[in-house]
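Read through the structure below, which is laid out as structure tokens, and then see the notes.
The values are calculated or read from the model by the stated rules, or taken from the named source; none is laboratory data. In this text, all values refer to a predicted model and were calculated from it rather than measured experimentally. Every residue, glycine as well, gets a Cβ built from its backbone with ideal geometry; the counts of neighbours run over all protein chains shown. Side chains included, ligands, DNA and RNA excluded: accessible areas come from the protein's heavy atoms. Shrake-Rupley method; radii C 1.70, N 1.55, O 1.52, S 1.80 Å.
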Amino acid sequence: MRRKKHTAEEIVAKLRQVDVLVSQGRKVSEAIRSIEVTEVTYYRWRSEYGGLKGDQVRRLKSLETENQRLRRAISDLTLEKLILKEAAFGKLLSPARRRACVDYVVAEHGVSERFACRVLGQHRSTQRKCAVVVEDEAPLTAAIVALALRYGRYGYRRITALLRRDGWTVNVKRVERIWRREGLKVPARQPKRARLWLNDGSCVRLRPERPDHVWSYDFVEHRTHNGRKYRMLNVLDEFTRECLAIRVSRKLKAHDVIDVLSDLFSLRGVPGHIRSDNGPEFIARSVRDWIAAVGSETAYIEPGSPWENGYCESFNAKLRDELLNGEVFYTLKEASVVIEQWRRHYNSIRPHSSLGYCPPAPEAVIWPTEPSGSVPSARPTIVTRPTMH
């Protein structure tokens, strides 16, 4: 029988599985047998991939691919042309972005404007043309904002009709551009859906009974300023409403789910159930087998029934309404830092209505015991929950 060749991501997932089982008090030999490899293979894997995560392994692969690409590029292109092509990586759809890219290349590498325009595919007349600001831009913007405040349920098409009624000569596209630039939107209404009920009147779903009884996780998608998508994996404790982790990346697959869960399991213990929808990252065989191997159970919702994962869906709506819809992220690193700050604020400061307007995981204040006659300290000690790094 031919042996299965494990990929680097599978090896890292098995090593993390052994770490979780050892943290639960099981013997190393028993944990190694659970991943169906010999001890020699395990220690060889550990010497090669020990301490790495799935995204770090992919990063090493991408670095190797990048090195090969650079070696091929050096043999075909001059150094100046290669730098200009790297500066123009990605799609430059709008003239404004092309102008900004040409200005950056000229200032950074000291080349002529004519050479930069030729490499980046920008016409020189377009590069030299300055944007014309209409004189009535500011009054029109103020009128649109005033109508949006007055009629909160109206979109930009109805606002355009009201502007024309008031005497403005404006088309829908201009109003839409100003509408999106000002960040205006119509508040979303919660659609009415039929619930699934039993004969005794109870809803068909697993209800949390204690902390770490039921966790739920789901994906949220958003875009950075350049239009590229990124995903967020949100993990929530349904009983305490605490957001345990938010992983931000351009792509999140089954191995990334295993990485996040292994960190949380080692830090907080293994929950009784993990609830999710039927996405391909959650129903993957590697994820199901790994969750079962560490002693937890999966609780999938019915297809087309997002209300069964209501706690996580409510959290996703708060994340999008309170943070994502009001912030512009230019880089993925900026998004990761700001979202992590918001997660800590959500857990320790933000009042939660279902918890009596208390935060899900407030910081514990420990007053130090002062000896008699000593001057009390100015501030108490703040103890926070451990976090993943």
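Listed here are the residues, each with its yes/no results for (1) over 30 Å from Trp179 (Cα atoms); (2) part of a loop (DSSP other than H, G, I, E, B); (3) of a type in the set (A, V, I, L, M).
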residue: Arg275; (1), (2), (3): yes, no, no
residue: Gly279; (1), (2), (3): yes, yes, no
residue: Ser286; (1), (2), (3): yes, no, no
residue: Ser336; (1), (2), (3): no, no, no
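Of the residues making up the stretch 274-286, those that are closer than 19 Å to Cys312 by Cα and either of a type in the set (A, V, I, L, M, F, W, C) or crowded, with 17+ Cβ neighbours inside 10 Å (or both) are Ile274, Arg275, Ser276, Asp277, Glu281, Phe282, Ile283.
From Arg228, Arg241, Arg247, Arg223, grab the single residue that is among the basic types (Lys, Arg) and over 21 Å from Thr331 (Cβ atoms). One residue alone meets the criteria, Arg241. Residues in the stretch 222-239 that are open to solvent by 30 Å² or more (accessible area, probe 1.4 Å) and in a loop (DSSP other than H, G, I, E, B): His225, Asn226, Gly227, Arg228, Phe239.
Can you find a residue in the stretch 330-338 that is farther than 18 Å from Asn234 by Cα and touching a residue at least 12 places away in the same chain (Cβ under 8 Å)? Yes, there is a match, as at least one residue in the stretch 330-338 is farther than 18 Å from Asn234 by Cα and touching a residue at least 12 places away in the same chain (Cβ under 8 Å).
Taken over the stretch 8-67, the residue count meeting the criterion of being among the small types (Gly, Ala, Ser), surrounded by 16 or more Cβ atoms within 10 Å (Cβ to Cβ), under 20 Å from Ser286 (Cα atoms) and touching a residue at least 40 places away in the same chain (Cβ under 8 Å) is 3. In the stretch 295-314, is there at least one residue being in contact with a Ser or Thr (Cβ under 9 Å, 6 or more places away or on another chain), under 21 Å from Lys14 (Cα atoms) and assigned to a helix (DSSP H, G or I)? Looking through the stretch 295-314, none of the residues is in contact with a Ser or Thr (Cβ under 9 Å, 6 or more places away or on another chain), under 21 Å from Lys14 (Cα atoms) and assigned to a helix (DSSP H, G or I). The test for being charged (D, E, K, R) and either modelled with pLDDT of 70 or more or in contact with a Ser or Thr (Cβ under 7 Å, 6 or more places away or on another chain) (or both) does not hold for Glu86.
Which residues, counting only those in the stretch 313-329, are open to solvent by less than 10 Å² (accessible area, probe 1.4 Å) and more than 18 Å from Pro351 (Cα to Cα)? If the condition is that a residue be open to solvent by less than 10 Å² (accessible area, probe 1.4 Å) and more than 18 Å from Pro351 (Cα to Cα), then Leu324, Phe329 are the ones that fit. Ser354 meets the conditions (1) in a helix (DSSP H, G or I); (2) under 17 Å from Val220 (Cβ atoms) in every case but one. The failed one is (2). Looking only at residues in the stretch 287-312 that are surrounded by fewer than 17 Cβ atoms within 10 Å (Cβ to Cβ) and closer than 30 Å to Gly227 by Cβ, the one that is nearest to the chain's Cα centre (by Cα) is Pro306.
Among the residues making up the stretch 246-264, those that are in contact with a helix residue (DSSP H, G or I) (Cβ under 7 Å, 6 or more places away or on another chain) and open to solvent by 10 Å² or more (accessible area, probe 1.4 Å) are Ile246, Arg247, Val248, Ser249, Arg250, Ala254, His255.
Residue-by-condition table, conditions (1) touching a helix residue (DSSP H, G or I) at 6+ places or on another chain (Cβ under 6 Å); (2) at pLDDT 90 or above; (3) among the hydroxyl-bearing types (Ser, Thr, Tyr):
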position	(1), (2), (3)
Gly310	no, no, no
Ser314	no, no, yes
Thr331	no, yes, yes
Val338	no, yes, no
Arg343	no, yes, no
Pro351	no, no, no
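Restricting attention to the stretch 94-137, which residues are more than 37 Å from the chain's Cα centre (by Cα) and among the polar types (S, T, N, Q)? Result: Ser112, Ser125. Among the numbered conditions (1) open to solvent by 100 Å² or more (accessible area, probe 1.4 Å); (2) in a loop (DSSP other than H, G, I, E, B); (3) modelled with pLDDT of 90 or more, the only one that Val170 does not meet is (1).
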